[in-house]
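Undergrad: My structure is below; once you've seen it, I'll send some questions.
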Amino acid sequence: MAQKNVLSDQKLVFSSEELQKQGFSYYQITKMVEQGKLFRLNKSYYENANFAGEMNDFYYVQAFAPQGVVCLLSAAVYYGLTTFRPDAIDVAVPPKTKLSSLPESQRLSLHYFSDRRHSLGVRTISENKNPFKIYDIEKTVVDIISNRNKVGIEETKEILTNYLARQDRNINKLYRYAEKLSCLKILKTYLEVLV
């Protein structure tokens, strides 16, 4: 039997694979669920009942959409580009992705991105021991411009204006993404209006 408090209280979501690598058998995992130390999220992932770190809903994305990448307005909020708060986490998944279960507590808004769009500009952030995938800031801005009708014209304008005001902006990278994703003309039109 595993010792008490072997699980890190800084990690929120564990896969059954991670738990097994830490030396827990299926029997011990089931026992921890029965004892209320773990909550089963789905067939492969568990939530740590003793999590003591700072909560971020993005930590759940890997459990419900393993290939999911935080995108659009959720990513814009993360980078401080908008004051708008979406009521669900925007998650990009490859085309034809089938998800077995979606969370009851966290709302995920799925966006099916082409393979090229999905794989471009992904970065993995690890806050303490909690990883999540998110698009880098330039890719986020380009995706928002591409999806401006879905996101909203005012929100798109606010996000681009806030991006342009940042010291760490990389306009060349922004242009490269826009060119690869066929929205350079739209980006230039927005820039002409705003600059």
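We did not get these values from a lab; they are worked out from the coordinates using the rules stated. These numbers come from a predicted model, not from an experiment. Note that we place each Cβ from the backbone using ideal geometry, even for glycine, and neighbour counts take in every protein chain shown.
Undergrad: Name the most mobile residue of TYR163, TYR27, TYR45, meaning the one with the largest mean-square fluctuation, in a Gaussian network model of the chain with Cα contacts below 10 Å.
TA: Result for the chain, Cα springs under 10 Å: TYR27 fluctuates most.
Undergrad: Using the Karplus equation 6.51 cos²θ - 1.76 cosθ + 1.60 (θ = phi - 60°), what ³J(HN,Hα) coupling, rounded to whole Hz, does each residue of the range 68-82 give in order, writing x for Gly and Pro?
TA: x, 10, 4, 9, 6, 5, 5, 5, 4, 5, 4, 7, x, 8, 8
Undergrad: Restricting to bridges with both residues inside the chain, how much of the DSSP beta-bridge set is antiparallel, in percent to the nearest 5? Could the numbers behind the result be given before it?
TA: Details: 14 of 20 bridges.
Around 70 percent antiparallel, to the nearest 5.
Undergrad: Hey, in the GNM for the chain with a 10 angstrom Cα cutoff, which one of LYS173, LYS21, LYS157 fluctuates hardest?
TA: Looking only at LYS173, LYS21, LYS157, the largest GNM fluctuation is found for LYS21.
Undergrad: Using a Gaussian network for the chain with springs between C-alpha atoms less than 10 Å apart, which of these wobbles most: VAL33, VAL142, VAL91?
TA: VAL33
Undergrad: Nothing charged except the Cβ atoms of Lys and Arg (+1) and of Asp and Glu (-1): what's the magnitude of the dipole of the range 57-194 about its Cα centre? Round to the nearest 20 debye.
TA: 460
Undergrad: Could you list, bin by bin from short to long, the percent of Cα-Cα pairs of the chain in 5 Å steps?
TA: Going from the shortest bin to the longest, the percentages are 1, 7, 15, 18, 16, 13, 9, 8, 5, 4, 2, 1, 0, 0.
Undergrad: Counting other beta carbons within 10 Å of each residue's own, what order do MET55, MET32 fall into, fewest first?
TA: Listed from fewest to most nearby Cβ atoms, that is MET55, MET32.
Undergrad: Positive end of the charge dipole of the range 57-194 (Lys, Arg +1 and Asp, Glu -1 on Cβ, about the Cα centre): tell me which of LEU194, HIS118, TYR78 has its Cα farthest that way.
TA: Highest projection toward the positive end goes to HIS118.
Undergrad: Taking amide H positions as placed in the peptide plane 1.01 Å from N, state which residues far from GLY53 in sequence (5 or more) or on other chains have amide H under 5 Å from it.
TA: none
Undergrad: Simple spin-label model, 7 Å along Cα-to-Cβ: TYR26 to ASN56 in nm?
TA: The modelled label-to-label distance comes out at 3.4 nm.
Undergrad: Here is a follow-up. Calculate, for LEU99 and LYS173, the FRET efficiency according to 1/(1 + (r/R0)^6) with r their C-beta to C-beta distance and R0 41 Å; round to the nearest 0.05. The partial results should precede the final answer.
TA: Numbers: r = 31 Å, r/R0 = 0.75.
Once the sixth-power term is evaluated, E becomes 0.85.
Undergrad: Please get the size of the charge dipole for the range 35-100, origin at its Cα centre, with Cβ charges of +1 on Lys and Arg and -1 on Asp and Glu, quoted in debye to the nearest 20.
TA: Charge dipole, the range 35-100, about its Cα centre: 340 debye, nearest 20.
Undergrad: Can I ask one more? Take the Cβ-Cβ distance between ARG166 and GLN67 as r, set R0 to 30 Å, and report the resulting FRET efficiency rounded to the nearest 0.05.
TA: Step by step, r from the Cβ atoms, then E = 0.55.
Undergrad: Kindly provide the GluC sites (Glu not before Pro) of the range 25-115 that DSSP labels as loop, not H, G, I, E or B, and whose Cβ sees at most 12 other Cβ atoms within 10 Å.
TA: Listed in order of number, the matching sites are GLU54, GLU104.
Undergrad: Got the relative contact order for the chain handy, in percent, Cα pairs under 8 Å and 6 or more residues apart?
TA: Working: 264 pairs, mean separation 33.9, N = 195.
Relative CO of the chain lands at 17 percent.
Undergrad: Name the residues of the range 135-154 whose amide N is less than 19 Å from a point 7 angstrom out from the Cα of SER119 along the C-beta direction?
TA: Of the residues in the range 135-154, 135-136, 139-140, 143 have backbone N under 19 Å from the label point off SER119.
Undergrad: Given contacts defined as C-alpha pairs under 8 Å and at least six residues apart, what's the relative contact order of the range 90-195, whole-number percent?
TA: Answer for the range 90-195 is 19 percent.
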